[in-house]
Amino acid sequence: METNITYTFSEDNSFLISTPNIITIIGNGFLELIGYSKDEIINKSLSEVFTNLLRIPQEIFEQIDIKESIDCYIFTKSLEAREVVISSFQGKDAKNKTYLVVEKPNTRLDEKIIFVEQLFKDNTKGVAIYSVPNLVLLKANQMFLDFKETPFNNKEYIIGKSLREIVKGFKGSEVEVIWDSILETQKGWGLKEFRYDNYSRGITYWDSTLTPIFENGKMKYIFQTSIEVTEMVLNKRKLEEQNKIIQEQKEQLEAILENMIEGVTVRDKCGNMILINATAKKIMDMADANKNAGDVIYGNSFTDLDGVPISSDKIPMVRALKGETVKNHKLIFKQPDKESIMEINATPIYLNNELIMAVACSHDITESVRNQRIIENQQERMLQVQIEKEKNEALKKAIEMKDEFLSLISHEFKTPITVINSAIQAMEFICKDELSHKAKGYLKKIQQNSLRQLRLVNNILDITRISSGHFRINKNNHDITFITKAIVKSIYLYTQQKGIYLAVSSKMEKKVIGLDEEKYERILLNLLSNAIKFTPIGKRILITISSRKGFVCIKVKDEGIGIPKDKQAIIFERFGQVDSSLSRQAEGSGIGLSLVKMLVESMGGSVSVKSKVGIGSTFTVLLPNIKTIESFQEKNLEALSDNRLIQATAIEFSDIYL
Ligand code: ADP
């Protein structure tokens, strides 16, 4: 390039002269421009001074000698950029070459772009200016350097270098695309959280602006501001992640809350509902859910488990809102259409020592309480059954013990009574003529009462024997018609004496069945003695024998005083006398009929009574119409009228006073 400036080379001019490559003469103006001393320049090679000290790029330096003049930036010793024109001249001596280095007027950055200068000074952002189009770093503040990594954080190293050298991994990067686009479009860029991966410290994020600066309509510089926002971005990311986790947890919590079988409600400190899950909604009707905690009571009523109403200030939620922790409070929640038993826990929640809300968790325990009650009732019943069983066993044992005792005592009684009886009989027989009429009367009384004693003892012994299973039935085949008639015949005397009409009739002339003759005798005599006892003079007693569906039926019908309906069942029980006033009409112990029942049943039969007070009673004995398969030996008919029957009748009729 031809220079049109004519210079007079005085010492003060900005020039330097070099013999081939070595600088030999320097103008003061040049030293002033670059800020180096003469000693730092003299005798140095041209390339060292231009490229190393003044930081002219190698490719530009190579053009200095080719072109007559060249525009470029040099950098002073204090690393200030100076825009200069370098012209080269051939000296007279062909060996010498003169280089004129002239600063372009009004090109100093600090004077030209004052607003930028302020940013450099503030040092609140990394700030740098690059030349256009070479993108040489002309100026950078300390913060810009601080953002760089070694060796780029050294001003000495970085100033004067092009962007390609400064930015690691520039070639083919997004950074290159952006800068190229600025050069091409001449429009600035604002980068937000721009990710840069090439620092050895790892991924970094940047907020940057890249602003073209124009001069005479031409883009002259690109101004860059940068601030590292890595920490902020990472924090933001972390925050976002945390938010995401919190959100997820919130959703999980909400899902859990929604699906819980417990009803959960949260109310703020004023009692207004903040949260209510699905179960709680089901428990409460929504009109109540929307009400203030303290007002809910008016819609529905709460009572304790005994049905006593609970006032509004005693509701768990209201108590929790007053700072109380309520545990397992059971209450009944009454609604118009239903009643539920609830178990409620309620807790106040504090933030910085201040109560901000309260949570209540309600569990519908209606079902479990009901089940519990059912179980308790069942247990109660089982316990009662058990107690009853134990009582019965104890009673059974007591009866057994009593029976044993009775049996023992009866045995002890029987021997002396038998002796007394024999003695009386002996006296009657041997001393018949020696006894006075009065003595005979006393003897008769002694005999009758000893027979009564014997009857009682025999009855007790038989009953205890049957109860303990030691009773024997000796069945033989007998004609029951004959036996019955014989027994009835044996008591004619008694009825005649008492003035009672006695008859026996049978539809069967002969009926042979398996029978314990002695036991049958006891049965019939017992029934007959009762009939005589309770039948007044002039009335009738009728004995009938018939056959009825597999049974032989013996009826003893009287026209006596009769037995009240409600007493008919108890007379077959042991000591079951109808009442003391009745029984007092005739002596008796109240065990005769129970023995009759036992004897009849032990022979496979049954006994029953039909009676009307004032009209009379009918006792019906049914005995199986079966012959015994044991030995078939009909008893000698005579045998029945022997002493034994007389004796048995005397005993059975001993309590009939004629
Ligand atoms: P007891 O040994 O005292 O006669 P029973 O067991 O033979 O006892 O009779 C029980 C009670 O039944 C009698 O005390 C009497 O009240 C009533 N009873 C029994 N047979 C008759 C009857 N034929 N007529 C009226 N009452 C009777």
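The values are calculated or read from the model by the stated rules, or taken from the named source; none is laboratory data. It should be emphasised that the depicted structure is a prediction, and the values quoted were computed from it without experimental measurement. FYI the Cβ positions are ideal-geometry reconstructions off the backbone, even for glycines, and counts take in every protein chain you see.
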In segment 139-192, residues that are charged (D, E, K, R) and under 25 Å from Phe214 (Cα atoms) total 10
Residues that are in contact (Cβ under 8 Å) with a residue 12 or more places away in the chain, at negative phi and within 12 Å of the ligand (Cβ to nearest atom): does segment 485-499 have at least one?
no
Taking Lys95 as the residue in question, decide whether it is within 19 Å of Gly188 (Cα to Cα) and either surrounded by 16 or more Cβ atoms within 10 Å (Cβ to Cβ) or of a type outside the set (Gly, Ala, Ser) (or both).
no
Could we say that Phe194 is more than 15 Å from Glu228 (Cα to Cα) and either assigned to a strand (DSSP E or B) or free of Cβ contacts under 8 Å to residues at least 12 places away in the same chain (or both) here?
no
Collect the residues in segment 254-274 that are without any contact (Cβ under 8 Å) to a residue 40 or more places away in the chain and more than 22 Å from Leu321 (Cβ to Cβ), keeping them in residue-number order.
Glu254, Ala255, Ile256, Glu258, Asn259
Under the condition of being part of a loop (DSSP other than H, G, I, E, B) and within 9 Å of the ligand (Cβ to nearest atom), which residue from segment 558-567 is nearest to the chain's Cα centre (by Cα)?
Ile563
Inter-residue pairs, beta-carbon under 6 Å, first under 14 Å from Lys402 (Cβ atoms) and in segment 453-474, second of a type in the set (A, V, I, L, M), 6+ apart
Ile460/Leu406; Ile463/Leu595; Thr464/Leu406
For Leu515: the one exception among (1) under 24 Å from Ile541 (Cβ atoms); (2) at pLDDT below 90; (3) not acidic (Asp, Glu):
(2)
Since Ile523 meets every condition but one in (1) more than 15 Å from the ligand (Cβ to nearest atom); (2) under 19 Å from Lys597 (Cβ atoms), which condition does it not meet?
(1)
Given the conditions (1) loosely packed, with under 10 Cβ neighbours inside 10 Å; (2) closer than 30 Å to Leu461 by Cα; (3) not polar (S, T, N, Q), and given that Met427 satisfies all but one, which numbered condition is not satisfied?
(1)
Keeping to segment 316-362, report how many residues are under 18 Å from Cys270 (Cα atoms), among the small types (Gly, Ala, Ser) and in a strand (DSSP E or B).
3
Filter segment 531-549 down to the residues that are assigned to a helix (DSSP H, G or I) and either aliphatic (A, V, I, L, M) or touching a strand residue (DSSP E or B) at 6+ places or on another chain (Cβ under 8 Å) (or both), then identify the one that is farthest from the ligand (Cβ to nearest atom).
Ile532
Is at least one residue of segment 550-557 of a type in the set (A, V, I, L, M, F, W, C) and either within 9 Å of the ligand (Cβ to nearest atom) or on the phi > 0 side of the Ramachandran plot (or both)?
yes
Could we say that Glu68 is at pLDDT 90 or above and touching a Ser or Thr at 6+ places or on another chain (Cβ under 9 Å) here?
no
Asn458: in contact with a Lys or Arg (Cβ under 8 Å, 6 or more places away or on another chain) and either within 16 Å of the ligand (Cβ to nearest atom) or part of a helix (DSSP H, G or I) (or both), yes or no?
yes
Among the residues of segment 207-233, which ones are without any contact (Cβ under 8 Å) to a residue 40 or more places away in the chain, surrounded by 11 or more Cβ atoms within 10 Å (Cβ to Cβ) and under 56 Å from the mean Cα position of the chain (by Cα)?
Val229, Thr230, Met232
Pair list, Cβ < 7 Å and 6+ apart or interchain, from segment 520-541 residues that are closer than 16 Å to Ala650 by Cα and in contact (Cβ under 8 Å) with a residue 12 or more places away in the chain to residues that are small (Gly, Ala, Ser) and within 9 Å of the ligand (Cβ to nearest atom)
Asn526/Gly592; Asn530/Gly592; Ala531/Gly560; Lys533/Ala586
Could you look through segment 389-438, keep only residues that are over 21 Å from Gln647 (Cβ atoms) and polar (S, T, N, Q), and pick out the one that is nearest to the chain's Cα centre (by Cα)?
Asn392
Of everything in segment 507-521, what is basic (Lys, Arg) and part of a strand (DSSP E or B)? Give them in sequence order.
none
Residues satisfying the stated conditions in segment 328-357, i.e. loosely packed, with under 11 Cβ neighbours inside 10 Å and either on the phi > 0 side of the Ramachandran plot or of a type in the set (Lys, Arg) (or both)
Asn328, Lys338, Asn352, Asn353
Count, please, the residues in segment 592-641 that happen to be away from the ligand (no atom under 16 Å from the Cβ), small (Gly, Ala, Ser) and either under 27 Å from Asp655 (Cβ atoms) or at pLDDT below 90 (or both).
6
Counting only residues in segment 90-111 that are modelled with pLDDT under 85 and touching an Asp or Glu at 6+ places or on another chain (Cβ under 9 Å), the one farthest from Tyr36 (Cα to Cα) is identified as Glu111
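One line per residue, one yes/no per condition, for (1) within 23 Å of Ile60 (Cα to Cα); (2) modelled with pLDDT under 90:
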{"residue": "Lys121", "(1), (2)": "no, yes"}
{"residue": "Gly126", "(1), (2)": "no, no"}
{"residue": "Leu138", "(1), (2)": "yes, no"}
{"residue": "Ser162", "(1), (2)": "yes, no"}
{"residue": "Ile178", "(1), (2)": "no, no"}
{"residue": "Trp189", "(1), (2)": "no, no"}
{"residue": "Arg201", "(1), (2)": "no, yes"}
